[in-house]
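Structure record follows, encoded as structure tokens.
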Amino acid sequence: MENVIKFKVQVSDEKKYNSVNVRSDGGKIVGQIKNGAKVTLLGDCADKERTMIEGTQMGTRRKIQGTVLTRCLKEIK
């Protein structure tokens with residue numbers, strides 16, 4: 001099994017948001033992930049505006065996949 005890279009969602013402190021939108025390839029919002037939640041990186045985040053992740057939908061606890069703003073991801077060490 002290859003190494004799975006875990007990140008957490010980190011919403012910028014200068015904004016009043018407590019979650020990030022998760023979008024489909026077509027740009028449609030498929031859900032939201034709460035600030036501080038752990039997510040699994042599914043794509044490369046180097047020099048990209050959005051990165052593919054898998055995480056837990058805020059409120060429903062169902063697994064969702066999609067892209068989030070790369071600047072909202074922080075690697076867990």
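The values are calculated or read from the model by the stated rules, or taken from the named source; none is laboratory data. None of the values given here were measured: they were computed from a predicted structure. Neighbour counts are summed over all protein chains in view; Cβ atoms, including those assigned to glycine, are modelled from backbone coordinates with ideal geometry. These area figures cover heavy atoms from the full protein model, side chains too; ligands, DNA and RNA do not enter into them. Shrake-Rupley method; radii C 1.70, N 1.55, O 1.52, S 1.80 Å.
Rounded to the nearest Hz, the phi-derived 3J(HN,Hα) couplings of region 42-49 under the Karplus curve 6.51 cos²θ - 1.76 cosθ + 1.60 (θ = phi - 60°) are 10, x, 7, 9, 5, 6, 10, 6, where x marks glycine and proline.
Return the carbon/sulfur percentage of the accessible area of region 9-77, one whole number, probe 1.4 Å, all protein chains in place. C and S atoms contribute 45 percent here. Charge tally for GLN57 (other residues, Cβ to Cβ under 12 Å; Lys, Arg +1; Asp, Glu -1): +3.
What does the charge count around ASN21 come to, taking other residues whose C-beta lies under 11 Å from its C-beta (Lys +1, Arg +1, Asp -1, Glu -1)? Local charge sum for ASN21: +3.
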